[in-house]
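A quick write-up on the structure given underneath.
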Amino acid sequence: MARPKIFEPLRVRNVDLANRIVIAPMCQYSCEGGRMNDWHTIHLGHLALSGAALLTLEATAVLPEGRITWADLGLWDDDTEEAMRTHLRAVREWSDMPIAIQLAHAGRKASCEVPWAGGKQLAPGDSHGWQTVGPSAIPHYAEDNPPRALDKQGLREVRDAFATAAKRAARLGLDAVQLHSAHGYLLHQFLSPLSNQRDDEYGGSLENRMRFPLEVFDAVREAFPHDRAVTVRVSGTDWMDGGWDIAQTIQYAKALQARGCDAIHVSSGGVHPEQRIHLAPGYQVPLARAVKNAVDIPVVAVGLITDPEHAEAIVANGDADVVALARAMLYDPRWPWHAAAKMGASIRPPKQYLRSEPRKDRGVFAVPERVDPAARW
């Protein structure tokens, strides 16, 4: 039987993907002062044993005011860097899975309560709130506190913060950086005409709206070692008339490729509360396919991909090069194991778990020397 496409390897600059299944970044809202803690050791540790090819750390704010919530992860000073170093060390001791980080700034969607406490934006005067910033003084929700429109100095500070965080990521030995320009956060806010109504060189035309995100990409690419990958997550559409759409996404993706971007991760939405998303399994895959047809770098598809056969079809049909799982991986952190067993492929487990291989799935564990699970230990 031929090896399923999702279990074929792929190299993205320095990152050797053992298969085409990657773990998308997922916010945990569990930090204090932006610092990782023992929850992250547990959370990342079990994902790092999943058999996926890459683990991407959750959206990591490059400035305190760039956090979505007061409990978000950050990488803006020595304390946040050292906390991340401590907990990554524990994960890496037991897993050789490549680890990337998603660098982010929430812009006008920052200063929020954690989701399980309602998730609403907190006013600047709240003990957990602060003044947000954005391309224009337009709030996300009408009842939100309006963001402060970034001036030229503010733009430089944000751009430099992304670059500094990339340098910290390099010191931490992270294998890749993903720049977050999707889901209605700051860089996406600059891209979309729904949130960017500036009248300077950073607003108006597509070229102008792309200017700041591309400046940030250039700064990150310059700051992160050349032999390590830098990728970008994009929203393929705002799902709104007059908003960001797939044609503009393609132009943005081409500009990113020309600047040295190593892969494009295609998601969608997030910039406007009145978006109308038609949810269905693989609903974002056509967006990934459109980008893949326009660029010569790997493209990642994401969004309600939960079935192994579906994931296989996406890669085998050329819709995308890689599939990313998020909530499906939280629900089933051995998803790649089960997919391999279902599709006649193999996966390399931790040696401590070798005896867990079911007899009906004999051969799903790829080990240098076969071990009889019935043998004496």
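No value in this document is a laboratory result; all are computed from the given coordinates. Keep in mind it's a predicted model, so treat the numbers as computed, not measured. Note that each Cβ is placed from the backbone with ideal geometry, even for glycine, and that neighbours are counted across all protein chains shown.
Want the number for Leu206 to Leu354: 0.36 nm per residue separation, take away the alpha-carbon distance, what's left?
Computed gain between Leu206 and Leu354 is 48.0 nm.
Would you please give the FRET efficiency between Arg259 and Ala137, computed as 1/(1 + (r/R0)^6) with r the Cβ-Cβ distance and R0 = 30 Å, to the nearest 0.05?
After rounding, the FRET efficiency stands at 0.50.
For the chain, what number of Lys pairs, 8 or more residues apart or on separate chains, have alpha-carbon atoms under 25 Å from each other?
Lysine pairs meeting the criterion: 10.
Taking 0.36 nm per residue of separation and subtracting the Cα-Cα distance, what length does fully extending Ser127 through Arg156 add?
Between Ser127 and Arg156, full extension yields an extra 7.7 nm.
Expressed in nm², what is the orientationally averaged projection area of the convex hull enclosing the Cα positions of the chain?
18.8
Please identify the helices of the chain, taking whole runs of DSSP H, that span at least 24 Å along their own axis as judged from the Cα atoms and have a mean Kyte-Doolittle score of -0.5 or higher.
Flagged H segments are 206-223.
So, R0 is 25 Å and r is the distance between the beta-carbons of Trp116 and Thr306; what FRET efficiency does that work out to, to 0.05?
0.60
What distance in nm separates the simple spin-label points at Asp361 and Asp38, each placed 7 Å from Cα in the Cβ direction?
With each label point 7 Å from Cα toward Cβ, the separation is 3.0 nm.
Of Trp116, Ser192, His310, which is farthest towards the positive pole of the chain's charge dipole, taken about the Cα centre with +1 and -1 on the beta-carbons of Lys, Arg and Asp, Glu respectively?
Result: His310.
Between the alpha-carbon centers of the range 166-200 and the range 67-95, tell me the distance in whole angstrom.
Cα centroid of the range 166-200 versus Cα centroid of the range 67-95: 19 Å apart.
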